[in-house]
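Quick note: the coordinates plus some simple rules give every number you see, no bench work behind them. It should be emphasised that the depicted structure is a prediction, and the values quoted were computed from it without experimental measurement. Don't worry about glycine lacking a Cβ; one is built from the backbone with ideal geometry, like all the others, and counts go over all protein chains shown.
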């Protein structure tokens, strides 16, 4: 959480400076016509509550994220986005007690539309695409310890994105975004299907990007 606070402050600082920094860029450089962008940041993921009977909550957590985009023009882009490390989750019972742990690492490919002109200080965008998230190190207290294998199948489905880029200059920008993943993977215990996990997580992310 400390890393999220630090990056949030950095993003707010970039936002405060962006309106003047871009206006003072008098060398004639422009963000328009640049086709590639990369963003590094951190995201917090939070699955929905009550994903399956007996599980009250799957705690969210932070992880570093990376994305690379190709812009066909100033407005339309395709983005490859993913977690550079795994999101760690603590699984809790209906009463709030720890029931186990699991990790996941999503990757997504999305088409995006960026509103407004390339040199605008604020550039909102929306995206829609497909993602997969691999789960690993699944453990349920009292089951995994007795040799009963616990597994969560790979989540696959649609991902939607809402975000805004805040131009610092023609190359650098700060980004804030929110992503929704339709995640309904099956839970398997000792090789048997134990039901569908209705996770459907949201992510909230902050990052710094460069275009070229």
For the stretch 47-116, treating each Cα as an identical point scatterer without solvent, what Debye log10 I(q)/I(0) comes out at q = 0.12, 0.18, 0.27, 0.28 1/Å? -0.49, -0.75, -1.08, -1.12
I'd like the distance separating the alpha-carbon centroids of the stretch 121-135 and the stretch 56-94, in whole Å. 9
Where q = 0.15, 0.21 Å⁻¹, what log10 of I(q)/I(0) comes from the Debye formula for the stretch 112-212, counting one point per Cα? -0.71, -1.02
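Using Cα pairs under 8 angstrom and six or more residues apart, how large is the relative contact order of the stretch 51-101, in percent?
Details: 82 pairs, mean separation 21.1, N = 51.
Here the relative contact order equals 41 percent.
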Rank these for me by crowding, 133, 67, going from fewest to most other beta carbons within 10 Å. 67, 133
What number in nm² do you get for the stretch 163-212 if you take the convex hull of its Cα atoms and divide its surface by four? 5.1
